[in-house]
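Everything below concerns the one structure shown next.
We did not get these values from a lab; they are worked out from the coordinates using the rules stated. On a predicted model such as this, the values are computed, not experimentally measured, just so you know. Every residue, glycine as well, gets a Cβ built from its backbone with ideal geometry; the counts of neighbours run over all protein chains shown.
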Amino acid sequence: LALETDLRRAVARGQLMLVYQPQVHAADGRLAGVEALLRWQHPERGTVSPLDFIPIAEEVGIIAELGEWALAEAARQMVDWRRRGIAVPRVAVNLSARQFHDAGLAGRIEAILAEAGAPAEWIELEITESAAMQHPADAAEALQHLRRQGLQIAMDDFGTGHSSLATLCKLPLNVLKLDRSFVHRLPEAETEAAVAEAVVTLARRLGLSVVAEGVETEAQRRFLADIGCDVLQGFLFARPLTAAALEAWLATPI
Ligand code: G
Ligand code: G
Ligand code: MN
Ligand code: NA
């Protein structure tokens, strides 16, 4: 496959980039952090979505390389922002299920952050329910190591996977990310409203914070703030932005 061959060369050719989507505190709109999202600038196809190339990277065994590039780039960007006095409290980086197959994951993440000069406290790792559930014991052990280093751990797309609550409770999480499928029809849809409220209640009881994804309307923002979501992310605030566009967004008074 041509795309597969191209993807193998994409890192070396500098075709990968990160965009950053703001996450804001529900209470006052202050910046809580950003989520880093991979983009591939293909010379002929234009921008390729991670939905199209992450599965290929997993299949052909180069997801670790891509994932580690993304983490290193996010860490370098944070160091650059701090040097320039740009206050981005934290960056969330997505981890693929396959990255957990590797017993050396926690050690390599530590090395990547040390190399970039980024404290672990600046970094949140997003794992999906399915990633954690494929190998719950391995995932729990890797996440324990990462937590001890000082990284934050978020469960992405929460509510869409197949995690039992028993397994969920064994993972050392800091954050639940309420999947945007539960946000989309708020505030009118009673089922989604019930799920959103239940997730917030569960998170509270477990001592976790809640990030709601896919917030697109003012009515959704108000509903999610009212039920006690801590942090909101979505097109209402901003789309994923290049680093330069994020800096401009931060500099624009609300
Ligand atoms: O940014 P966008 O909505 O196109 O992202 C689509 C999907 O790709 C999301 O599920 C997102 O989590 C995933 N994704 C984006 N960046 C990365 C990354 O660096 N690593 C992994 N594993 N997934 C990513
Ligand atoms: O699976 P994950 O949560 O990592 O996916 C992040 C993706 O969600 C990004 O590709 C981003 O483009 C997309 N996204 C972010 N905000 C919104 C939103 O408000 N509405 C929709 N439909 N998608 C969003
Ligand atoms: Mn994510
Ligand atoms: Na998500």
(message) Show me, for the range 236-245, the HN-Hα J-couplings you get by feeding each phi into the Karplus relation (A = 6.51, B = -1.76, C = 1.60, θ = phi - 60°), rounded to Hz, glycine and proline as x.
(response) 3, 8, 5, 6, x, 10, 4, 4, 5, 5
(request) Determine the dipole magnitude for the chain: charges of +1 sit on the beta-carbon of Lys and Arg, -1 on that of Asp and Glu, nothing else is charged, the reference point is the Cα centre, and the result goes in debye to the nearest 20. (result) 620 debye
(message) How large is the convex hull of the C-alpha atoms of the range 1-48 per residue, in Å³?
(response) 82 Å³
(request) Please give the FRET efficiency for Gln149 paired with Ala251, using the beta carbon to beta carbon distance and R0 = 30 Å, rounded to the nearest 0.05. (result) 0.40
(request) Rank Ser181, His162, Gly150 by how far each Cα sits towards the positive end of the charge dipole of the range 104-218 (+1 on Lys, Arg Cβ; -1 on Asp, Glu Cβ) and give me just the farthest. (result) Gly150
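Using alpha carbon coordinates only, what is the Rg to Rh ratio of the range 161-254, with Rh defined as the Kirkwood radius? Display every interim value, and only then the final one.
Working: Rg = 14.7 Å, Rh = 14.4 Å.
Expressed as Rg/Rh, it is 1.02.
Of all beta bridges DSSP finds with both residues in the range 2-249, what is the antiparallel percent, to the nearest 5? It would help to have the intermediate numbers written out before the result.
Details: 15 of 36 bridges.
Taking every DSSP beta bridge with both residues in the range 2-249, the antiparallel ones total about 40 percent.
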(message) Please give the charge dipole size of the range 1-89, origin at the Cα centre, charges +1 on K and R Cβ atoms and -1 on D and E Cβ atoms. Round to the nearest 20 debye.
(response) 500 debye
(request) Output the peptides 48-57, 31-40 sorted from most to least packed, where packing is the average of other Cβ atoms within 10 Å over each peptide's residues. (result) 31-40, 48-57
(request) Can you pull the one-decimal nm distance between simple spin-label points at His135 and Arg239, each 7 Å off the Cα toward Cβ? (result) 3.7 nm
(message) Looking at the calculated P(r) for the range 208-248, what percent of the C-alpha pair distances fall above 11 Å?
(response) 65 percent
(message) Connecting C-alpha atoms closer than 10 Å in a GNM of the chain, tell me which of Ala243, Ala120, Ala219 has the biggest fluctuation.
(response) Ala219
(message) Quick check: net charge around Gly234, other residues with Cβ under 15 Å of its Cβ, Lys/Arg +1 and Asp/Glu -1?
(response) -3
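Can you divide the C-alpha Rg of the range 55-141 by 2.2 N^0.38 Å and report the result to two decimal places?
Its radius of gyration relative to the 2.2 N^0.38 Å reference: 1.13.
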(request) Using label points projected 7 Å from each Cα along Cα→Cβ, tell me how many nm separate Ala189 and His25, to one decimal. (result) 3.0 nm
(message) Tell me which of Leu51, Ala137, Ala26 sits at the most positive position along the dipole axis of the chain, charges placed on C-beta atoms (Lys, Arg +1; Asp, Glu -1).
(response) Ala26
(request) Provide the descending list of Cα extents for the range 2-249 along its principal axes, expressed in whole angstroms. (result) 48, 42, 37
